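*Asks:* One structure is given below, represented as structure tokens, and several questions about it will come after.
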């Protein structure tokens, strides 16, 4: 169970299964990723909004990776334990004309700089904002061939912007390509559900992840165990993305019923009732057009403990 370090450069801003891995590891290994901010290190403290409008948008997301996991193949599950996500003291948020959930109301460009003070930021007075850094993008290479934009998330993970993916959480992804080819980036020091203005607090970060490969396991889309320290308590979350919120919410509810049936042996109708009285449906992001991401969560406290993918 080795430890590895991976510098940010060279980053990549497209999913592409043909990208050669920058690192090949074994199941059980830990990788320390250096991640630049979502702009690809183009934004800097003190940048003006006029300068911001001239950055190269083709570099957005600038991911670190890919990392190959030896022996990974389609039909396997990759477990990603998030050991730490550490910001570097500064970040930014913006309004970009034509983007965001309220694009008709907020049509003028805007750039805001944040000073990040440990676990809080006082930059947007009088608010005192708690910080909980996480990677907005964590994913394996999609099944499709060729270059794919990183903006839409999918069953491979990607630009999910699920704020529960903070230190102490675990992400499970269905492997789509030989080697899995995992990449991460787009770190946010904080983000609200929805990420409505198009950004969280975009920031560079140091990210430590441990990878475990589960052979021949069934998983249709991302699944999360939130951290024991999560603000809502530890939960099981299924993540679904679709072009409309109602379909994404319906698919997430369907998958939660299936999870309760397969792992806790509920009768399907009882699982449906439990979802109705205990499940939290939340919109994780509404701005990664054309996809909207919905997470369905059930608190671990109401279910017997389970290890969903035991290590052999």
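*Asks:* According to the Kirkwood expression over distinct Cα-Cα pairs, how big is the hydrodynamic radius of the stretch 1-78, in Å?
*Replies:* Here the Kirkwood hydrodynamic radius works out to 14.5 Å.
*Asks:* If you don't mind, another one. Taking springs between alpha-carbon atoms closer than 10 angstrom, which of 78, 273, 116 fluctuates most in the Gaussian network model of the chain?
*Replies:* 273
*Asks:* Largest first, please: the extent of the C-alpha atoms of the chain along each principal axis, to the nearest Å.
*Replies:* So the extents along the principal axes, rounded to whole Å, are 57, 43, 36.
*Asks:* Using Cα-Cα distances under 8 Å and only pairs 6 or more residues apart, what relative contact order does the chain have, in percent?
*Replies:* 22
*Asks:* Looking at the chain as a GNM with Cα springs under 10 Å, which of 220, 284, 262 has the largest mean-square fluctuation?
*Replies:* Result: 262 has the largest fluctuation of those listed.
*Asks:* Highest first, please rank the peptides 26-38, 158-170 by the mean number of other Cβ atoms sitting within 10 Å of their residues.
*Replies:* 158-170, 26-38
*Asks:* Identify which of 219, 83, 102 has the largest mean-square fluctuation in a Gaussian network model of the chain, with springs joining Cα atoms closer than 10 Å.
*Replies:* Maximum among the listed residues: 102.
*Asks:* Can I ask one more? Express in whole angstrom the spacing between the alpha-carbon centres of the stretch 227-299 and the stretch 104-125.
*Replies:* 30
*Asks:* Counting alpha carbon pairs within less than 8 Å and at least 6 residues apart, what relative contact order, in whole percent, applies to the stretch 1-150?
*Replies:* 28
*Asks:* So for the stretch 63-117, considering every pair of alpha-carbon atoms, how many percent are separated by more than 17 Å?
*Replies:* 66
*Asks:* Now, a different point. Return a whole-number percent for the relative contact order of the stretch 99-204, with Cα pairs under 8 Å and 6 or more residues apart as the contact set.
*Replies:* Worked out over the stretch 99-204, it gives 30 percent.
*Asks:* Can you give the angle from 0 to 90° between the axis of helix 245-264 and the longest principal axis of the chain, with both taken from C-alpha atoms, to the nearest 10?
*Replies:* Approximately 40 degrees, to the nearest ten.
*Asks:* Expected output is a single nm value to one decimal: the length gained when fully extending between residue 41 and residue 104, i.e. 0.36 nm times separation in residues minus the C-alpha distance. What is it?
*Replies:* Full-extension gain reported as 19.8 nm.
Throughout, read-outs are computed from the coordinates displayed, never taken from laboratory work. Predicted model, so just to flag it, every value in this text is computed and none were measured. Glycine also receives a Cβ, built like all others from the backbone with ideal geometry; neighbour counts cover every protein chain displayed.
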